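**Q** My questions will all concern the structure given below.
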Amino acid sequence: MAQIGYSKKVMEHFMNPRNVGTIENPDGHGKVGNPVCGDLMEMYIKVEDDVITDIKFQTFGCGSAIATSSMVTELAKGMHVDEAMKITRNDVASELDGLPPQKMHCSNLAADALHEAIKDYESKKETTERGTKAQREDGRQGKHRS
Amino acid sequence: MERVYLDYVSSKPIDPRVLEFAKRFLEGSCGNPSSLHSVGLEAKHLLEDARAKVAELINGENEKTIIFTGSATEANNLAIKGGALRNMSKGKEVAATAIEHISVLNPMKELQKNGFTLNLIPVDSTGMVDLVKLEEVLTKNTTVTSIMYANNEIGTIEPIKEISKIVHDKGWYLHVDATAAAGYLPVDVQAEGIDMLTLSSNDLYGPQGAGALYVKPGVKLQPVILGGGQESGLRSGTENIFAIAGMGEAARIAKEEMAQESERLKEMRDKLIQALLMIEGAYLTGHPTKRLPHHASFRFDYIEGESILLNMDRHNIQVATGSACSSKTLEPSHVLLAIGLKHEEAHGSTVLTLGRLNKVEEIPTIVKSVKETVERLRKLSPLSSREVI
């Protein structure tokens with residue numbers, strides 16, 4: 001039942017997490033972890049012109065799971081999706097003034113959840129673009145036919 | 001906010017009366033009890049005084065039945081390894097419940113690696129040992145069976161007297177780890193038929209750095225630590241007289257005040273359990289009635305124990321958890337898994353243990369803190385938003 005020491009910044013984010021909640025009709029949604037393992041994170045993003053304009057999270061997990069989720073949302077907000085994809089576990093941990101070694105997997109999960117949300121956005125975008133292109137082509141064909 | 005310490009199962013503050021008693025050694029002679037001169041004899045006197053007081057707490061036959069060690073962990077190692085290795089001619093089997101402390105389970109696993117058979121006895125969902133299974137697995141080759149008096153994580157008290165009958169009917173020695181129970185329950189090694197019993201100084205409000213193993217007259221052990229032959233040859237090394245003298249005084253106070261103090265804590269415990277079970281998705285872990293008088297342990301749906309601990313610490317209330325996230329291995333507590341909790345359930349564990357400094361007036365503060373903590377963490381949790389809180 002040992003407790004592990006956290007930095008002040010981890011505790012600050014744990015007690016006052018930023019961007020908590022969900023987004024209705026998000027442009028991207030990421031979910032990683034598993035309650036069986038003790039960590040589950042969900043990330044929601046709104047994107048305009050490939051820039052993350054809004055981001056929300058919900059987390060089931062320990063102190064560092066909550067703090068890293070909060071930190072990753074703070075880092076990613078306002079960022080271009082390509083840049084946000086480059087956020088690593090080490091970025092999250094160092095922004096929090098470090099994590100105990102056995103807690104590093106938490107920062108991994110937080111970055112993973114963000115990346116999953118961005119991938120979801122990218123794949124939706126692709127579908128939409130394909131859809132729009134197809135529509136355009138349909139339109140042209142229609143025009144042609146008429 | 002004033003501190004409300006609720007982690008007496010992990011560590012207890014030293015009783016000021018104990019400190020007053022034991023500090024005479026540090027301020028005075030600091031002799032070695034093995035020396036024959038007068039300074040050595042002063043230390044020897046403190047050591048033997050402590051031995052008698054500890055023997056009295058558990059109704060040992062005489063003071064010689066008490067072997068002082070450096071910790072309860074060391075006492076458990078001595079009982080298990082010392083008992084199994086010394087009695088190998090009788091057989092190479094050992095047994096323990098699945099909810100023993102790791103300082104019992106790990107020496108047993110080491111024996112297993114060295115050719116011993118280890119039988120782990122299951123417990124039911126309240127943590128009560130399965131007596132039928134116990135009777136089934138024990139044989140004349142089982143030299144040491146280790147069953148704790150009461151569990152530190154879920155508070156369940158085991159039926160030691162019944163267990164003793166089975167152990168002595170089927171196997172050889174019964175070792176009882178009474179670290180969590182001594183000082184709260186009237187342990188009687190003779191009436192309960194115990195061959196070896198582990199005690200911890202710190203768990204009796206004594207100084208850290210001392211433990212003791214009661215060894216019934218006639219029980220044969222092999223030392224784990226070899227050297228100058230202190231403690232009847234069973235634990236070499238100069239005794240930690242300050243800690244041991246303190247442990248003795250702590251045992252004396254515990255014996256004197258136990259009945260009244262346990263009654264006081266039990267009332268507080270019941271109030272706490274009643275109030276916290278009103279929270280939706282809160283469950284008691286361990287036995288509802290056969291539990292340590294100061295022990296209230298729970299699990300909460302949708303949230304994780306380390307978060308609960310950290311959040312309550314911000315209210316200046318200190319609790320414990322058996323959640324994986326607070327352990328070095330990131331595995332949930334083996335005790336919670338042994339009582340049949342699923343991993344995701346074990347993660348929500350919170351243990352509140354009361355002690356001498358707690359007052360009944362603190363109950364509303366504690367209840368408020370738990371409620372606020374559960375509410376806040378559930379708002380953060382993706383699990384609770386999907387289901388009705």
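**Q** Quick check on segment B:332-351. Is at least one of its residues more than 9 Å from every other protein chain (Cβ to nearest Cβ), β-branched (Val, Ile, Thr) and surrounded by fewer than 19 Cβ atoms within 10 Å (Cβ to Cβ)?
**A** No; the residues of segment B:332-351 include none that is more than 9 Å from every other protein chain (Cβ to nearest Cβ), β-branched (Val, Ile, Thr) and surrounded by fewer than 19 Cβ atoms within 10 Å (Cβ to Cβ).
**Q** Would you please name the residue that is most open to solvent (accessible area, probe 1.4 Å), looking only at residues in segment B:274-296 that are under 14 Å from B:Val370 (Cβ atoms) and touching a Phe, Trp or Tyr at 6+ places or on another chain (Cβ under 8 Å)?
**A** B:Tyr283
**Q** Taking into account only those residues within segment B:71-82 that are farther than 12 Å from B:Thr179 by Cα and of a type outside the set (D, E, K, R), which is surrounded by the fewest Cβ atoms within 10 Å (Cβ to Cβ)?
**A** B:Asn77
**Q** Within 24 Å of the chain's Cα centre (by Cα), open to solvent by less than 10 Å² (accessible area, probe 1.4 Å) and among the hydroxyl-bearing types (Ser, Thr, Tyr) - does that describe any residue in segment B:304-316?
**A** The answer is no; no qualifying residue exists.
**Q** Next question. Can you report the number of residues in segment A:52-62 which are more than 8 Å from chain B (Cβ to nearest Cβ) and hydrophobic (A, V, I, L, M, F, W, C)?
**A** The number of residues fulfilling the criteria is 3.
**Q** Does A:Lys119 meet the test of being modelled with pLDDT of 95 or more, open to solvent by 80 Å² or more (accessible area, probe 1.4 Å) and not acidic (Asp, Glu)?
**A** Yes, satisfied.
**Q** Then there is this: Quick check on my filter: what residues within segment B:296-307 are within 22 Å of B:Asn151 (Cα to Cα) and either in contact with a Gly (Cβ under 6 Å, 6 or more places away or on another chain) or facing another protein chain (nearest Cβ under 10 Å) (or both)?
**A** Within segment B:296-307, B:Ser297, B:Arg299, B:Phe300, B:Glu304, B:Gly305, B:Glu306 qualify.
**Q** Which ones in segment A:21-51 are facing another protein chain (nearest Cβ under 9 Å), touching a residue at least 24 places away in the same chain (Cβ under 8 Å) and either under 12 Å from the mean Cα position of the chain (by Cα) or closer than 30 Å to B:Ile102 by Cα (or both)?
**A** Selection gives A:Thr22, A:Lys31, A:Pro35, A:Gly38, A:Asp39, A:Met41, A:Glu42.
**Q** Just the residues that are open to solvent by less than 10 Å² (accessible area, probe 1.4 Å), in contact with a helix residue (DSSP H, G or I) (Cβ under 8 Å, 6 or more places away or on another chain) and in contact (Cβ under 8 Å) with a residue 60 or more places away in the chain, please, taken from segment B:164-176.
**A** B:His175
**Q** Please name all residue pairs, on different chains or six or more residues apart, with Cβ atoms under 9 Å, provided the first residue is in segment A:57-81 and is open to solvent by 10 Å² or more (accessible area, probe 1.4 Å) and the second residue is among the basic types (Lys, Arg).
**A** A:Gln58/B:Lys379; A:Glu74/A:Arg18; A:Lys77/A:Arg18
**Q** Give the residue, chosen from B:Ile67, B:Ile102, that is of a type in the set (Val, Ile, Thr) and buried (at least 18 other Cβ atoms within 10 Å of the Cβ).
**A** B:Ile67
**Q** Also, quick follow-up: For B:Leu85, work out the one condition from (1) assigned to a helix (DSSP H, G or I); (2) surrounded by 24 or more Cβ atoms within 10 Å (Cβ to Cβ) it doesn't fulfil.
**A** Answer for B:Leu85: the failing condition is (2).
**Q** If I filter segment B:141-163 down to residues being over 13 Å from the mean Cα position of the chain (by Cα) and open to solvent by 10 Å² or more (accessible area, probe 1.4 Å), which single residue comes out as farthest from B:Thr126 (Cα to Cα)?
**A** Filtering segment B:141-163 for residues that are over 13 Å from the mean Cα position of the chain (by Cα) and open to solvent by 10 Å² or more (accessible area, probe 1.4 Å), the one farthest from B:Thr126 (Cα to Cα) comes out as B:Asn141.
**Q** Specify the residue that is surrounded by the fewest Cβ atoms within 10 Å (Cβ to Cβ); the eligible residues are those in segment A:85-98 that are within 28 Å of B:Leu383 (Cβ to Cβ) and out of contact with any Lys or Arg (no Cβ under 9 Å at 6 or more places or on another chain).
**A** Only one residue tops the list, namely A:Thr88.
**Q** Can we say B:Ile253 is open to solvent by less than 10 Å² (accessible area, probe 1.4 Å), of a type outside the set (Phe, Trp, Tyr), part of a helix (DSSP H, G or I) and at pLDDT 95 or above?
**A** yes
The values are calculated or read from the model by the stated rules, or taken from the named source; none is laboratory data. Just so we're clear, the structure is a prediction, and the values are computed from it rather than from any experiment. Note: ideal-geometry Cβ built from the backbone for every residue, glycine included; neighbour counts use all protein chains shown. These area figures cover heavy atoms from the full protein model, side chains too; ligands, DNA and RNA do not enter into them. Shrake-Rupley method; radii C 1.70, N 1.55, O 1.52, S 1.80 Å.
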